[in-house]
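A.B. asks: Here it is, the structure in full.
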Amino acid sequence: MSRVAIVTGAARGVGAAVVRRLASEGWNVVALDVCADLPGVPYPLGTREQLRELAEQHPGAVREVVADVRDAAALAEAVRVAEDEFGGLDAAVGAAAVMAGGTPLWETPEAELDLLLDIDVRGVAHLARAAVPAMLRRPEPRSGRFVALASAAAHRGLYHLAGYNAAKHAVVGLVRGLATDLRGTGINATAVSPGSTRTDMLTATAGYYDLDDVEEFATHQVVERLLEPEEVAAAVCWLCDERASAITGTVVHADGGFTA
């Protein structure tokens with residue numbers, strides 16, 4: 001029987017790469033994205049067309065859902081879709097996030113902090129609160145997986161991005177607490193902290209630093225290049241695998257050596 005996952009932030013970037021890899025490995029996936037630009041986010045987000053195209057690439061295996069991770073009820077409904085259409089839930093991947101910043105913390109607008117915390121942190125918490133009960137409904141012995149996308153920013157201070165630093169650090173703390181809550185259940189909780197990855201979010205970040213070329217971020221990584229979304233997705237999907245049973249309550253640094 002195919003394993004079933006839900007992935008947020010699925011329309012593009014790392015989220016889309018996770019969906020593609022899981023589907024290619026035989027998973028059924030509920031791919032969720034807000035598919036709309038949001039006030040306070042200074043760059044375009046993924047679109048309905050991108051999400052639809054992703055589902056069409058894997059007919060029958062990927063079910064698209066348009067929803068906002070800030071809406072706990074919408075995430076609960078997406079989990080019900082996984083159970084009703086695919087028979088259950090075995091993994092949840094919280095990849096939905098936004099970037100905002102560009103000023104020192106004492107000049108950061110309250111609305112910007114609210115946005116980062118609501119999407120990047122509460123969005124992960126909403127996913128966990130919806131997905132974990134469904135994974136617990138799987139019969140024992142179970143091998144559920146909860147994986148959240150944190151960031152190298154959770155482990156190193158970044159100039160004029162203190163709010164984003166705080167949000168991603170909170171994701172790591174949330175995962176560690178969740179893993180402890182899940183002790184003995186057969187469900188593991190982990191985080192993946194990517195480094196500079198070739199995504200639209202990285203392009204937006206370059207704008208905060210007046211960089212003409214995102215390739216300048218590569219100098220901060222031991223591998224001396226930007227990462228591709230598929231490389232980060234490989235780490236995420238490995239953690240979703242039943243064989244990753246020893247990994248919980250910790251962070252995998254898929255960061256090209258940024259934090260080395």
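A.B. asks: Taking the alpha-carbon centroid of each part, what is the distance from region 90-121 to region 29-84 in angstrom?
C.D. replies: A separation of 19 Å, based on Cα centres.
A.B. asks: Quick one: if the Förster radius is 35 Å, what FRET efficiency do Asp84 and Thr259 give, using the C-beta to C-beta distance and rounding to 0.05? Each step should come with its number before you reach the end.
C.D. replies: Working: r = 41 Å, r/R0 = 1.17.
Once the sixth-power term is evaluated, E becomes 0.30.
A.B. asks: Output wanted: per-residue J couplings in Hz (rounded whole) for region 76-92, from phi through Karplus 6.51 cos²θ - 1.76 cosθ + 1.60, θ = phi - 60°, x for Gly and Pro.
C.D. replies: For region 76-92, the Karplus-derived couplings read 4, 5, 5, 5, 5, 4, 4, 6, 6, 8, 10, x, x, 8, 10, 8, 9 Hz, x marking Gly and Pro.
A.B. asks: Got a sec to turn the phi values of region 159-176 into Karplus ³J(HN,Hα) couplings, 6.51 cos²θ - 1.76 cosθ + 1.60 with θ = phi - 60°, whole Hz, x for Gly and Pro?
C.D. replies: 4, 6, 10, 4, x, 5, 3, 5, 5, 6, 5, 5, 4, 4, x, 4, 5, 5
A.B. asks: For Glu64, what residues show an amide H to amide H distance below 5 Å, using hydrogens built from the backbone and excluding near sequence neighbours?
C.D. replies: Counting only residues 5 or more places away or on other chains, the set is Ala31.
A.B. asks: Ranked from highest to lowest mean number of other Cβ atoms within 10 Å per residue, what is the order of the peptides 90-96, 72-78? Can you show the working numbers first?
C.D. replies: Details: 90-96: 29.3, 72-78: 18.1.
Final packing ranking: 90-96, 72-78.
A.B. asks: Please list 128-134, 172-178, 83-89 highest first by mean number of surrounding beta-carbon atoms within 10 Å per residue. Display every interim value, and only then the final one.
C.D. replies: Values: 128-134: 20.4, 172-178: 18.9, 83-89: 16.4.
Ranking, from highest mean packing down: 128-134, 172-178, 83-89.
A.B. asks: Tell me the relative contact order for the chain as a rounded percent, counting alpha carbon contacts under 8 Å between residues six or more apart. Walk me through the numbers on the way to the answer.
C.D. replies: Details: 552 pairs, mean separation 50.0, N = 260.
For the chain, the relative contact order is 19 percent.
A.B. asks: Express the Stokes-Einstein translational diffusion coefficient of region 98-197 in µm² s⁻¹, to the nearest whole number, given a Kirkwood radius over alpha-carbon pairs, 4 °C and a viscosity of 1.567 mPa s. Please list the in-between numbers first.
C.D. replies: Working: Rh = 14.4 Å.
In µm²/s, the coefficient is 90.
A.B. asks: What number do you get for region 110-260 when its Cα radius of gyration is normalised by 2.2 N^0.38 Å, N = residues? Please list the in-between numbers first.
C.D. replies: Values: Rg = 16.2 Å, N = 151, 2.2 N^0.38 = 14.8 Å.
Ratio of Rg to 2.2 N^0.38 Å for region 110-260: 1.10.
A.B. asks: Applying 1/(1 + (r/R0)^6) with R0 = 35 Å to the Cβ-Cβ distance of Asp213 and Arg243, what FRET efficiency is obtained, to the nearest 0.05? Provide the component values of the computation, followed by the final result.
C.D. replies: Values: r = 39 Å, r/R0 = 1.12.
That pair, Asp213 with Arg243, gives E of 0.35.
A.B. asks: What is the ratio of the Cα radius of gyration of the chain to 2.2 N^0.38 Å, with N the residue count, to two decimals? Mind dumping the intermediate values first?
C.D. replies: On the way: Rg = 17.1 Å, N = 260, 2.2 N^0.38 = 18.2 Å.
Normalised by 2.2 N^0.38 Å, the Cα Rg of the chain equals 0.94.
The numbers here are math on the coordinates, done by the rules we state, and not lab data. Note that the structure is a prediction, hence the values are computed from the model and not measured. Reconstructed Cβ throughout: ideal geometry from the backbone, glycine too, with neighbour counts over all protein chains shown.
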